[in-house]
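Peer 1: This is the structure I want to talk about, given as structure tokens.
The values are calculated or read from the model by the stated rules, or taken from the named source; none is laboratory data. For clarity, every value in this text was computed on a predicted model and none was experimentally measured. Virtual Cβ from ideal backbone geometry, glycine too; neighbours counted across all protein chains shown. The accessibility values were calculated without ligands, DNA or RNA, using every heavy atom of the protein model including side chains. Shrake-Rupley method; radii C 1.70, N 1.55, O 1.52, S 1.80 Å.
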Amino acid sequence: MLYLSSIKTPLGIMRMGASDEGICLFDFEYRRSIDTIMNRIEKHMGCSFTPGEHPHFEKLKRQAGEYFTGELKDFDLPLHLVGSPFQVSVWKLLMQIPYAETRSYKKQSIMLGNEKAIRAVAGANGENGIAIIVPCHRVIGENGSLVGYGGGLPKKQWLLDHERKHSGKTGQLGLF
């Protein structure tokens, strides 16, 4: 069964989804592709999201609150990554990018073993439905520019600035 709820954050309302295995959705309410992502999860799981509470939500709410106040740097939540094997491999690699650091799409492709897979990596990032926790906001253009983010570039910039502010690191946004 899939459970659905929402939470208010400094970046707006975010939808939370969970299975008994873990959090499978944490994304911006007004993201253009939120319904597509939810439909993909439902199809894969063979059931629909049902409004309601789940024990995973309490831990998510607490940790999200700590993240947004700058207290939490690393989430410790059970996740249920629902996607193709390639997408899951990209999302697991995203979770290896340290707090307040960034990588390029090209670097992510190289780390996956295929430098030419930049577009596929970008596509998998775009299908990530677990924002912030699976930190696709930490992937930027090779020249250090902000490119592509399902929640919109202002939210991506906010998240990167927030992490830099609370990491104690100084300087401009860039590749690390």
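Peer 1: Can you figure out the FRET efficiency of VAL147 with GLU42, using R₀ = 45 Å and their beta-carbon distance, to the nearest 0.05?
Peer 2: Between VAL147 and GLU42 the formula returns 0.95.
Peer 1: Please report how far the C-alpha centroid of segment 76-115 lies from that of segment 123-151, rounded to the nearest whole angstrom.
Peer 2: When both Cα centres are located, 10 Å separates them.
Peer 1: What's the magnitude of the charge dipole for the chain around its Cα centre, counting Lys and Arg as +1 and Asp and Glu as -1 at the beta-carbon? Answer in Debye, nearest 20. Mind showing how you got there, number by number?
Peer 2: Working: 22 positive and 18 negative charges, 115 e Å.
For the chain, the charge dipole is close to 560 debye.
Peer 1: For the chain, take the longest principal axis of its alpha carbons; what is the angle in degrees between that and the long axis of helix 85-94, to the nearest 10 within 0 to 90?
Peer 2: The helix 85-94 is inclined about 60 degrees to the chain.
Peer 1: Taking every pair of alpha-carbon atoms in the chain, give the share separated by more than 22 Å as a whole percent.
Peer 2: 42
Peer 1: Putting +1 on Lys and Arg Cβ atoms and -1 on Asp and Glu Cβ atoms, find which of GLY17, SER48, PHE86 reaches farthest to the positive end of the dipole of the chain.
Peer 2: Going by the Cα projections, it comes out as PHE86.
Peer 1: Could you state how much accessible area ILE133 has, in square angstrom rounded to the nearest 10, with a 1.4 Å probe and all protein chains kept in place?
Peer 2: 20
Peer 1: Right, another one. Using Cα atoms only, what is the angle between the long axis of helix 34-45 and the major principal axis of the chain, expressed in degrees (0 to 90) to the nearest 10?
Peer 2: The angle comes out near 60 degrees.
Peer 1: Amide H of ILE130: which non-local residues (sequence gap of 5 or more, or other chain) have their own amide H closer than 5 Å, using H built in the peptide plane?
Peer 2: Amide H to amide H, under 5 Å and 5 or more residues apart or across chains, ILE130 pairs with PHE26.
Peer 1: Further, regarding this structure: Suppose every Lys and Arg Cβ carries +1 and every Asp and Glu Cβ carries -1, with no other charges. What dipole size does segment 2-69 come out with about its Cα centre, to the nearest 20 debye? Mind showing how you got there, number by number?
Peer 2: Working: 9 positive and 9 negative charges, 44 e Å.
Dipole size: approximately 220 debye.
Peer 1: Just in segment 81-176: which trypsin sites (Lys or Arg not before Pro) are loop by DSSP and have at most 10 other Cβ atoms within 10 Å?
Peer 2: LYS116
Peer 1: Top to bottom by accessible area (1.4 Å), largest first, where do HIS44, HIS56, HIS137 land?
Peer 2: Working: HIS44 115, HIS56 35, HIS137 0 Å².
Highest to lowest solvent-accessible surface, that is HIS44, HIS56, HIS137.
Peer 1: Taking the Cβ-Cβ separation of GLU66 and LYS116 as r and a Förster radius of 45 Å, what is the calculated FRET efficiency to the nearest 0.05?
Peer 2: Rounded to the nearest 0.05, the efficiency is 0.70.
Peer 1: Structure shown: which of LYS43/LYS116; LYS92/LYS165; LYS8/LYS61; LYS8/LYS155 lie over 18 Å apart, alpha-carbon to alpha-carbon? Walk me through the intermediate numbers first.
Peer 2: Details: LYS43/LYS116 30 Å; LYS92/LYS165 25 Å; LYS8/LYS61 9 Å; LYS8/LYS155 14 Å.
LYS43/LYS116; LYS92/LYS165, as the Cα separations exceed 18 Å there.
Peer 1: Solvent-accessible area of LEU2, probe 1.4 Å, all protein chains present, reported in Å² to the nearest ten, please.
Peer 2: 0
Peer 1: Okay, moving on. Enumerate the aspartates and glutamates that LYS59 could reach by cross-link, defined here as Cα to Cα under 18 Å, with residues fewer than 8 away along the same chain left out.
Peer 2: Filter leaves ASP20, GLU21, ASP27, GLU71, ASP74, ASP76.
Peer 1: Does segment 2-69 classify as rounded, prolate or oblate by the C-alpha gyration tensor (a ≥ b ≥ c root eigenvalues; a/c under 1.5 gives rounded; else a/b over b/c gives prolate, otherwise oblate)?
Peer 2: Oblate, because a/c is 1.5 or more while a/b does not exceed b/c.
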